[in-house]
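The block underneath contains the structure these notes are about, expressed in structure tokens.
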Amino acid sequence: MIVRPTVPFAGCDGVGKNASRDLGVDEDILSEVLAVEREIGVKLDAERQAAREWLDRTRSEIEQAKLSELTALKASVAREEEAAKTAAHDKAAAILQQARTEAERIRRLENARLIPIVRHDVLVITQGRAT
């Protein structure tokens, strides 16, 4: 907004020859203000465009980071799952081996106890004596 002075400049009564000179000055100032406004508008548009580009780049970088992290997490889960399967398999194999060992020990123990009884019974049968 242009404010006109309430007191005229020296030699200017607001009318006539000096008044047209004042209008020319006002038009020059108005032209400068409009030029500055246009320049500000252009700079503002450029800043908006730069902000949009930065936002697009940042979104893209975040999306890439998210995908990268997701891929890393999937690989980690796969490794952990494989490790858990291997550990479970090894534990099951150890349990089976322990069961086999225990079964063999029991089998041998039974044989060790039964053999003297069977021999005695066989002798009794072969000699024809009853107990």
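The values are calculated or read from the model by the stated rules, or taken from the named source; none is laboratory data. Keep in mind the model is a prediction, meaning the values are calculated, not measured. Glycine also receives a Cβ, built like all others from the backbone with ideal geometry; neighbour counts cover every protein chain displayed.
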* In the set Glu32, Glu80, Glu104, which member is modelled with pLDDT of 95 or more, assigned to a helix (DSSP H, G or I), surrounded by 10 or more Cβ atoms within 10 Å (Cβ to Cβ) and not hydroxyl-bearing (Ser, Thr, Tyr)? -> Glu80
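Sort through Glu27, Glu53, Glu110 and tell me the only one that's of a type outside the set (A, V, I, L, M), surrounded by 10 or more Cβ atoms within 10 Å (Cβ to Cβ) and within 56 Å of the chain's Cα centre (by Cα).
It is Glu53.
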